[in-house]
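Read-outs: derived from the displayed coordinates by stated rules, not from any lab. No experiment lies behind these values; they were computed from the predicted model shown. For neighbour counting, all protein chains shown are included, and Cβ atoms are generated from backbone atoms with ideal geometry for every residue, glycine included.
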Amino acid sequence: MKQRRAFVFKGLLSDSVSRIVSLLKPALPERGLETPRGSGEPPHHTQDQPGLEAPRGAGAPPHHHNRRRTALALLAAVLVGTCWAQAQAPKKLPYIYTKWKNFTVADGLPNDHIFAVKADGDHVWIGTEDGLAMYNKATGKMKSWTTKDGLPWPAITGIDVDKSTGDVWLALFGGGIARFSGGRFDRFHQMNSGLVNDVVYGITVEHDNIWAATTAGASRFNKVSGEWTIFTEKNAPMEEIWNYNVSYNGAGTVYLAVWGSGVLEYKIADGSWKEYLDPDGEMEIDLYRDDGIVHVITTAVAPAGDGFFVSTYFGASRYDGRHWRGYYNMDSGVPSDFMNSVKARSTDEAWFSTDKGLGVLTDFDSNTWITYRMDPKTHHGKATVYKDREVLEEVETETGIPHNYVIYTELDGNDVWIGTAKGLAWGKGGDYYPRLRERGAVSGNLAAAAAPAAKGGQ
């Protein structure tokens, strides 16, 4: 219907322009009546010639100035109508999450400070500053475990699930790692295993191996043989050994995000390493655009296609296996350059958790982004669509993410789970679509719904 309206207005525009030309024509002097150039005399007009006004009074012809005013008024009306029709016409825009549900300690979480989330079918595992929780999507029930329930350490900074056994593996901030299996917790730490350090930031399952990213390097535990392998600056290209995160692409490659050492790529087949650093070597600025990773202080790597996305403390990067692309707050929709983590849904879509909201690259080719924030005054959600730094759309929702300090994102089919400093958010994407589509206004937009009422009150 909106497209049809646009076509109707195009027809009206054509008819109106013809009408305007007919009104303006008598008010314009004919070139044949002008004195030839160089004669030195002004043009001679008679009462029958255009340009000479008749005396005012009864029976006088219409004034040409009135014709101009009428034509200009009609032209203005046509332009306004045309702009309205264009505004109503569908645009290619990304999918916006408008259906959110928030969880806090009031809903059964052991703590509101969320470090990690892992979706596994109907079960969603949540790591907090003071305990573990599991939300069952089928029943809507929340169950939690603290140290009083046998959890070996309170702070959980990473979670992964072993698909072959159903075991849940936990990264413990200061307590090593733990396996939750059959209702029992088993803890591995420096004193009873080959774990290199007990301060563990991230954990991932790779076939029969469990990888742990620690402040003193990375450790790999083979659950079948019981063998431990340690990776530090002695046997891996680590300029620094502070490992922030570890991820597996499911196709033979493990990635480490290392403070000061960028991204390390480990090939399982031959045990070889490759490092990705900022080629210009500058810590303060990025001298050359898109020449490599934007900064060596990395926080997470999200595998995507033949490459990956990277989050850092100073921006983000995308690598497709051949080309790099850097992203900053000044030239994209990412809300901040300080990033805690990243998750990728495809080579076109990546979710960046920052200290000032959630930034989502929805379409790589057009550099289209969505920023999700919580309005601290109304506590409503706000989503802003950007193309580069141009705002294309703003949507306000009754509920959104519970806090703007976003720590972690988990992609769960069409849904998303967002861990923040003040609670957990579940974004439901039942009608989700990738990249861009032509669509009209977003349902649930409080700002759009309030606009007619505000106008009527003026």
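Listing for the model above:
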item: Cα-projected label distance for S164 with S346, points at 7 Å along beta-carbon direction, nm; result: 3.1
item: Top positive-direction residue, dipole computed over the stretch 96-456 with Cβ charges, set A155, Y248, A304; result: A155
item: Separation between Cα centres of the stretch 130-178 and the stretch 317-336, rounded to whole Å; result: 33
item: Set of lysines near K99 by C-alpha distance (under 17 Å), chain-local residues within fewer than 8 positions excluded; result: K137, K382, K428
item: N414 paired with D208, simple spin-label distance in nm, labels 7 Å along Cα-to-beta-carbon; result: 4.0
item: When the convex hull of its Cα atoms is projected in every direction, mean area for the stretch 96-456 (nm²); result: 18.9
item: Per-pair calculated FRET efficiency, R0 = 45 Å: N192 and T378 via Cβ, rounded to 0.05; result: 0.30
item: Stretch gain in nm, segment V391-K91, where the contour uses 0.36 nm per residue and the Cα spacing is subtracted; result: 106.7 nm
item: Inter-site label distance for S181 and A251 at 7 Å from Cα along Cβ, in nm; result: 3.0
item: Length released on extending from D331 to K141, taking residue separation times 0.36 nm less the Cα-Cα span; result: 64.2 nm
item: Segment T104-H323, extension gain: residue separation times 0.36 nm, minus the distance between their alpha carbons; result: 74.7 nm
item: Within the stretch 355-392, backbone nitrogen closer than 17 Å to the virtual label 7 Å beyond the Cα of F338 toward Cβ; result: 355-359, 374
item: Charge dipole (debye, nearest 20) of the stretch 96-456; +1 at Cβ of Lys and Arg, -1 at Cβ of Asp and Glu; result: 1160
